[in-house]
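These notes concern the structure reproduced below.
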Amino acid sequence: MLKIINKDLTLMFSNTMQRILMVMIVPMFLLIIDAQQMDWLYFLILVSVTYILIMTPFSFDITNKTTSMMNSFPIKRREIVIYRYLSIFVYMLISIVYVGVYLWIINKTGLINVDYFNLSMVGKAIPYVMILSSIMLPANFRFEPKLAQLINAFLYSGSIVMAFSLAQKSVEMSSNIIVKLLSSPGFKIIAIIVYILSMVLSIKLYEHRDL
């Protein structure tokens, strides 16, 4: 698993456009969002960086870079799917470190005062990313890369509107139904159930897909 993650990251950061995107995404959100709730801005950035890390390896399937790479490993399709799902947590950890260091540097420059680590938001982001990824990943294992990429871009755009809205709200947040949902233990349980069901579905889809 770690060997494949290393291959994914190597491909990702060897691409100039991907490096530019990873460097620019944090200041881009800071500039375009008039945030009244800085903790939710942190949530938005964390989710977005994690999304990029999770989905970028699939984008390389369009040029057959990861397809040929994955086929070179002596692993079954079931194992590939399981790896992709487990890698969500690895990429989440990488995102927490990357975003934290990036925002800490911005804080130290005095340009803007932002959260560079918020444990409460991390606790909300993990199940949120689990559900988001669980909805998106089956498309990657069922459809051709270009179609899957379009589906995932649409789903991400729709889901991220909520985080944009929460970051920009200046009203009391504790009564917001979405905030209550993300803060509830039930949401974490739902995320685990959806994650497991999605993994099983993706295994079935990928095992019966013609490559």
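Rule-based calculations on the coordinates, nothing more; no lab input. In this text the structure is predicted, and so the values were computed from the model without any measurement. Quick reminder, even Gly has a Cβ in these numbers, built from the backbone with ideal geometry, and neighbours come from all protein chains shown.
Assorted remarks:
- Exposure proxy ranking for D8, D39, based on other Cβ atoms within 10 angstrom of each Cβ and starting from the fewest, stands as D39, D8.
- Each label was represented as a point 7 Å from its Cα along the Cα-to-Cβ direction; for A153 and S120 these points are 3.6 nm apart.
- Cα-projected label distance for H208 with F187, points at 7 Å along beta-carbon direction, nm: 3.4 nm
- Of K180, K188, the sequence from fewest to most neighbouring Cβ atoms within 10 angstrom is K180, K188.
- Efficiency of FRET from Cβ geometry, S14 and I82, R₀ 30 Å, rounded to 0.05: 0.70
- Spin-label pair N113/N6, simplified geometry with 7 Å Cα→Cβ offset, distance in nm: 4.4 nm
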